[in-house]
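Peer 1: First the structure, which I've put down as structure tokens, then a few questions once you've had a look.
The values are calculated or read from the model by the stated rules, or taken from the named source; none is laboratory data. All values derive from a computational prediction rather than experimental measurement. In this analysis, Cβ positions are derived from the backbone assuming ideal geometry, glycine residues included, and neighbour counts consider all displayed protein chains. SASA here: full protein model, heavy atoms, side chains in, ligands and nucleic acids out. Shrake-Rupley method; radii C 1.70, N 1.55, O 1.52, S 1.80 Å.
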Amino acid sequence: MATREGAVSRALGFFDDGGFERLLGELVAIPSTSQEEAAAPALAAYLDQAMTPWLERLGFTVTIHANPLEGFGPILTALRIEDPARPTVLLYGHGDTVRGLEDQWRAGLAPWQVTPEAGRWYGRGTADNKGQHALNLAALEAVLAERGGRLGANIKLVIEMAEERGSKGLREFVAAHAAELAADALIASDGPRVEPAVPTIAVGTRGTYHFDLVVSLRDGGVHSGHWGGLTRDPAVLLSHAIATIIDRDGRILVRDWLPEGGVPAPVKAVLEGCPVGGGDGAATIDAGWGEPGLTPAEKIYGWNSFIVLAMTSGRPENPVNAVAPSARAHCQIRYTVDAAPERFAPALRAHLDAQGLQAVQIEQAFIRMPASRTDPNHPWVGWTQRSMARTLGKTVQIIPSSSGGLPGDVFVDHLGVPLVWIPHSYNGCKQHGPDEHLLIAAAREGIAAFAGIWWDLGEAETPRRGG
């Protein structure tokens with residue numbers, strides 16, 4: 001007789017017997033970086049050769065589409081419809097990765113192969129995002145095997161190949177295929193848990209807003225001896241501009257950038273007691289940094305942050321004795337849905353002008369990924385939390401925003417689905433850099449949790465359609 005316990009046991013058996021590690025190795029071996037033009041064939045190969053045969057074996061009808069925007073990777077859709085009257089979940093993943101950075105990995109590791117070591121699987125895409133969506137599909141395969149090939153619900157899947165380039169084309173694609181992709185909820189995996197051992201559900205993401213601050217005073221540098229002390233230094237003006245935007249303790253001083261009314265009460269409630277951390281020591285949580293009066297969890301999941309991503313003046317790699325002609329800083333605001341990004345540039349312009357910094361220009365301002373958030377009390381969020389807690393026997397932490405960027409806004413805007421992101425990684429996984437890895441213990445919990453979710457989806461007690 002098929003049982004929930006049997007389905008979870010099947011998933012864990014596949015994991016513990018080495019099946020998932022072998023599968024992950026096959027996926028990672030495809031060098032599907034979307035950040036190098038020469039890797040375009042690997043983007044197609046990931047969908048054609050790795051995903052399509054597996055999904056068809058699971059009973060999906062698979063279609064691979066060209067990206068609506070020229071020059072960006074293809075998009076796969078897969079439909080598995082048993083009964084339109086039953087709940088439908090939309091699953092999402094991305095098979096593209098950042099650059100391999102082969103020469104930067106430490107000895108014994110390589111980006112395009114999985115290397116097990118000290119409770120970790122190393123390899124590009126193990127955490128972001130091949131390992132995460134593969135866990136969810138492997139769990140589904142275990143549940144289908146336990147139930148004799150039937151799930152009792154419907155699943156739709158989107159796998160894109162341009163997420164690491166800002167999910168270019170995904171919004172246009174989902175808008176054009178909204179009827180085909182209609183679902184009751186998005187339940188998918190990306191990003192980190194709040195701590196490695198704490199199962200997590202994120203119901204949205206902070207948005208990312210980028211802009212350059214530029215001071216351009218002359219066509220070329222001038223002799224520092226002849227002109228130093230007489231002519232304005234663009235690096236100094238730029239430094240003063242940044243100092244008026246954020247103080248030495250990380251408090252944002254352009255207050256029109258921030259959520260009106262502070263952190264909303266439902267967000268505060270869900271973050272009460274929420275842990276933050278568990279990285280690998282590459283950075284620290286500095287108690288005095290950021291908005292005063294907020295907890296670390298509120299700062300990262302419920303508030304805005306300002307970051308200088310890069311800054312230059314002159315030639316730092318080869319300085320000359322000259323007052324530089326210009327200075328530039330590339331900046332980012334990570335913002336919640338409670339802030340208004342259309343106000344960011346006008347508010348900053350007014351702020352700089354009020355400081356007498358008219359020479360500092362704002363250029364190339366754009367939203368890379370908009371913010372999104374589902375009500376933490378949404379029925380699908382609670383349903384998923386209860387399912388995971390039942391499987392894992394642990395408290396499941398809900399957070400209002402993942403700390404990384406995800407294209408959840410696309411699915412909210414065009415499909416109207418609640419967002420239930422279930423990350424299987426952690427913030428020390430070194431995604432986007434050398435030595436990326438997936439924690440084996442967290443991955444094992446992930447496949448078990450999703451086996452329970454897929455099983456429960458086929459049972460009678462699910463949220464009502466559209467609720």
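Peer 1: How far apart, in nm, are two points set 7 Å out from the Cα along the Cα-to-Cβ line at Ser216 and at Met311?
Peer 2: 2.1
Peer 1: Can you work out the accessible area per residue across the chain, with the rest of the protein chains kept in place, probe 1.4 Å, in square angstrom?
Peer 2: On the way: 19130 Å² over 467 residues.
Here the per-residue accessible area is 41 Å².
Peer 1: Also: Between His240 and Trp289, what FRET efficiency follows from the Cβ-Cβ distance if R0 is 30 Å, with the result rounded to 0.05? Could the numbers behind the result be given before it?
Peer 2: Details: r = 21 Å, r/R0 = 0.69.
Between His240 and Trp289 the formula returns 0.90.
Peer 1: Still on this model: Go ahead and estimate [θ] at 222 nm for the chain from helices alone: -39,500 (n - 2.57) per DSSP H run with n ≥ 4, summed, over the residue count, rounded to 500.
Peer 2: Values: 15 runs with 143 residues, N = 467.
Rounded to the nearest 500, it is -9000 deg cm²/dmol.
Peer 1: Between beta-carbons, use under 11 Å as the cut-off and find the net charge around Pro264, counting Lys and Arg +1, Asp and Glu -1. Display every interim value, and only then the final one.
Peer 2: On the way: positive: Lys268, Arg373; negative: Glu260, Glu298, Asp338, Asp375.
Net charge around Pro264: -2.
Peer 1: Compute the normalised compactness of the stretch 94-160: alpha-carbon radius of gyration over 2.2 N^0.38 Å, N being the residue count.
Peer 2: Against the compact-globule rule of thumb, the ratio is 1.45.
Peer 1: Could you sort the peptides 162-168, 307-313 by per-residue average Cβ neighbour count (10 Å cutoff), highest mean leading? Don't skip to the end; give the middle numbers.
Peer 2: On the way: 162-168: 21.0, 307-313: 14.0.
So the order, starting with the most tightly packed, is 162-168, 307-313.
Peer 1: Further, regarding this structure: Among the lysines, select those whose C-alpha is under 21 Å from the C-alpha of Lys268, and discard any that sit fewer than 8 residues away in the same chain.
Peer 2: By straight Cα distance, Lys268 reaches Lys299.
Peer 1: Same structure again: Quick one: which of 27-35, 427-435, 265-273, 131-139 comes out on top by average Cβ neighbours within 10 Å, and what's the full order, highest first?
Peer 2: Details: 27-35: 21.6, 427-435: 19.0, 265-273: 16.0, 131-139: 25.9.
Order by mean packing, descending: 131-139, 27-35, 427-435, 265-273.
Peer 1: So, one more: Given the chain, report the % of alpha carbon pairs whose separation exceeds 37 Å.
Peer 2: The calculated P(r) of the chain puts 30 percent of pairs beyond 37 Å.
Peer 1: Leaving out same-chain residues fewer than 8 places away, which aspartates and glutamates sit with a Cα under 13 Å from that of Lys130?
Peer 2: The reachable aspartates and glutamates, counting only those whose Cα sits under 13 Å from Lys130, are Glu21, Glu26, Asp96, Glu160, Glu163, Glu164, Asp190, Glu436.
Peer 1: Report, to the nearest whole %, how much of the accessible area of the stretch 230-285 belongs to carbon and sulfur atoms, 1.4 Å probe, protein only. Display every interim value, and only then the final one.
Peer 2: On the way: 1610 of 3060 Å².
Looking at the stretch 230-285 in its full context, I get 53 percent from C and S.
Peer 1: Let me ask something else. Stretched out fully, how many nm does the piece from Glu21 to His432 gain, at 0.36 nm a residue minus the Cα gap? It would help to have the intermediate numbers written out before the result.
Peer 2: Details: separation 411, 0.36 × 411 = 147.96 nm, distance 2.11 nm.
Additional length available on full extension: 145.9 nm.
Peer 1: How many angstrom separate the Cα center of the stretch 67-91 from the Cα center of the stretch 218-270?
Peer 2: 43
Peer 1: Any idea how far the Cα center of the stretch 325-398 sits from the one of the stretch 98-170, in Å?
Peer 2: After rounding, the separation between the Cα centres reads 26 Å.
Peer 1: Once you place label points 7 Å from the Cα toward the Cβ at Arg349 and Asp48, how far apart are they in nm?
Peer 2: Rounded to a tenth, the inter-label distance reads 4.8 nm.
Peer 1: Restricting attention to the stretch 378-463, which GluC sites (Glu not before Pro) occupy a DSSP loop and are surrounded by at most 13 other Cβ atoms within 10 Å? Don't skip to the end; give the middle numbers.
Peer 2: Details: sites: Glu436, Glu445, Glu459, Glu461; in loops: Glu436, Glu459, Glu461.
Filter output for the stretch 378-463: Glu459, Glu461.
Peer 1: Something else: Provide the FRET efficiency to the nearest 0.05 for the Gln361-Arg390 pair, computing r from the beta carbons and using R0 = 56 Å. Kindly include the intermediate steps, with their values, before the conclusion.
Peer 2: Values: r = 56 Å, r/R0 = 0.99.
Here the calculated transfer efficiency is 0.50.
Peer 1: Still on this model: Report the FRET efficiency, 1/(1 + (r/R0)^6), for Ala66 and Gln104, where r is their Cβ-Cβ distance and R0 is 35 Å, rounded to 0.05. Walk me through the numbers on the way to the answer.
Peer 2: Numbers: r = 33 Å, r/R0 = 0.94.
After rounding to 0.05, the efficiency reads 0.60.
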